[in-house]
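Let me begin by presenting the structure, written as structure tokens, before commenting on it.
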Amino acid sequence: MSFWSDVSADAWVQVFSTVLGAFIGTLLAGVISVWLYTKEQRDRMKVETKGFKRNFILYYTPRIKAALQLAKEVDLRDNDFSKNERRYYALNEVINEAKRYYLRELEPLTLIERHELFEDIYMNLVNIQTFSRYTTNEANYTLYAEIMGIDKIMTQSIERIEARMKEITEEVHND
């Protein structure tokens, strides 16, 4: 006789019911822990989204609007390069503040789906900042204006930022 044939039927039932009970208990604990984790993530996301929304509406949007307004005032055909230099430094200051504010306050709270939009805004701010510099020096401006198409780059960057800000604003208000 072998060992397996000596095991009684009630022992087999007890073994299988113990294994089945352990499996069901583990499955139930796993389902509950996943449910609690997702609930905690949703609650955390609500808090973060609320902070992002407030910072975006109250602080970031006005900074970007101010930067765009200054960028629109940079007259690429104005030959008063000292006036353009004053405009450039004001624009540079506003853009630097908007970039710093984004990196410090908004980026940590930005949903991953929106990072691409903000990266596009950031890169177009850099374009405006870089190319508006050429309007401050007559020698540089006349040399680069036609070759690089500064006015076209500035206009496209402003339009691109406005479009991206509109997209983000609509998404934020829909949250």
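What length, rounded to one decimal in nm, is gained on full extension from Leu27 through to Glu119, with 0.36 nm per residue of separation minus their alpha-carbon distance? Could the numbers behind the result be given before it?
Details: separation 92, 0.36 × 92 = 33.12 nm, distance 4.23 nm.
That works out to 28.9 nm of additional length.
When a footprinting reagent is the concern and you count Cβ atoms within 10 Å, what order do Val19, Val172, Val126 take, fewest first?
Numbers: Val19 10, Val172 17, Val126 13.
Ranked by crowding around the Cβ, least crowded first: Val19, Val126, Val172.
Ranking request for peptides 111-124, 30-43, 90-103: highest mean number of other beta-carbon atoms within 10 Å first, then the rest in descending order. Can you show the working numbers first?
Details: 111-124: 14.9, 30-43: 9.9, 90-103: 17.4.
Put in order of decreasing packing, that is 90-103, 111-124, 30-43.
Please report Thr169, Thr18, Thr110 as a ranked list, fewest other C-beta atoms within 10 angstrom at the top and most at the bottom.
Least crowded to most crowded, the residues run Thr18, Thr169, Thr110.
Can you tally the net charge around Leu58? Count Lys and Arg as +1, Asp and Glu as -1, for every other residue whose Cβ sits under 13 Å from the Cβ of Leu58. Before the final figure, lay out the partial values.
Working: positive: Lys50, Lys53, Arg54, Arg63, Lys65; negative: Glu105.
It works out to a net charge of +4.
Computed from the coordinates by the stated procedures, all read-outs in this text should not be read as laboratory data. Remember, it's a predicted structure, so these values are computed and weren't measured experimentally. With ideal geometry, Cβ positions are generated from the backbone for all residues, glycine too; neighbour counts draw on all protein chains shown.
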